[in-house]
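Read through the structure below, which is laid out as structure tokens, and then see the notes.
Rule-based calculations on the coordinates, nothing more; no lab input. Note that the coordinates shown come from a computational prediction; the quantities given were computed from them, not determined experimentally. Reconstructed Cβ throughout: ideal geometry from the backbone, glycine too, with neighbour counts over all protein chains shown.
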Amino acid sequence: MLAHLFGPPDDWPSADLIAFSDEFDAGLALAGYRSGVFPMPLHVRGFDQQMGWWSPVHRGVLPLAGVRVSHSLRQSAKKYRTSVDTAFDEVIRHCGDPRRPGGWIDDAIIGAYTDMYRSGLVHSVETWDAEGRLVGGLYGVSLNGLFAGESMFHDAALGRDASKVALLRLVGILSDGHDRLLDVQWRTDHLGSLGAIEIPRDTYLARLDAALGQPSVDWPPPDPTAREGRHA
């Protein structure tokens, strides 16, 4: 059943940003996800140090059965090895690199999601090249049948398609016979090329309610050999 931390959805504004707060921690973030809302700092003049809470009017989701894998992506995937929960700290730091355009991941976000990772509610997927270098990855929140993707990255010089390869590994993990919901927040051209679509907010909330009633995902263990190269 959906939480109602932010009140009834019928009372939410017809805008992606539905609330902001001075307080933020892992517990508040998890309650937000269970309500269909995710945190993202505002970082605009007049709202410094405040957390924005978002529920897009048109929500981006990636249907697991509708993922599109191009021939070039299949070829790229052969160059890499993937792992799960093996380098979370590095993944979130790469995702939060302040040199990235539109960067929003600050120390408060890193602290809260690290706490959730240590509690087993946040997971990362890593992509490694043949030399054992981390060249891409993603992380997100896993609650029962929901996986809420937060951010992904790739090394522009060494990791062509590396973030997409991490996403393919994630899709494989979630495609376990249950009705999983892969939330990508907003549909971008990058995600659209892989099959991401937009659905109305009320449709998303109904799907979220069903997903929260599903059993938890059986996540694979970390792979300590990942840094040794994909032929280890």
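Figures for the structure shown
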read-out	value
Nitroxide proxy distance, nm - points 7 Å out along Cα→Cβ at His178 and Leu2	2.1
Glu198 versus Leu28: modelled label distance in nm, points set 7 Å from Cα along the beta carbon direction	2.9
Part-to-part distance (alpha-carbon centres) for segment 21-94 and segment 95-170, which is given in Å	8
Net +/- balance of residues flanking Val69 in space, Cβ distance below 14 Å, scoring K and R +1, D and E -1	+4
Label-point separation, Arg118 to His71 (7 Å along Cα→Cβ), nm	4.9
Ratio of Rg to Rh over the chain (Cα coordinates, Kirkwood Rh, two decimals)	0.95
Near-label residues of segment 2-36 by backbone N, under 13 Å of a point 7 Å along Cα→Cβ of Ala108	20-26, 28-29
Radius ratio Rg over Rh of segment 10-56, counting only Cα atoms, Kirkwood formula for Rh	0.96
Sequence of Met116, Met152 once ranked by neighbouring C-beta atoms within 10 Å, starting from the fewest	Met116, Met152
Average projection area in nm² (convex hull over Cα atoms of segment 116-232, one quarter of hull surface)	7.9
Ranking of Val217, Val125, Val69, Val37 by count of other Cβ atoms within 10 Å, fewest first	Val69, Val217, Val37, Val125
Counted charge near Pro8, where neighbours are those whose Cβ lies closer than 13 Å (Asp, Glu -1; Lys, Arg +1)	-2
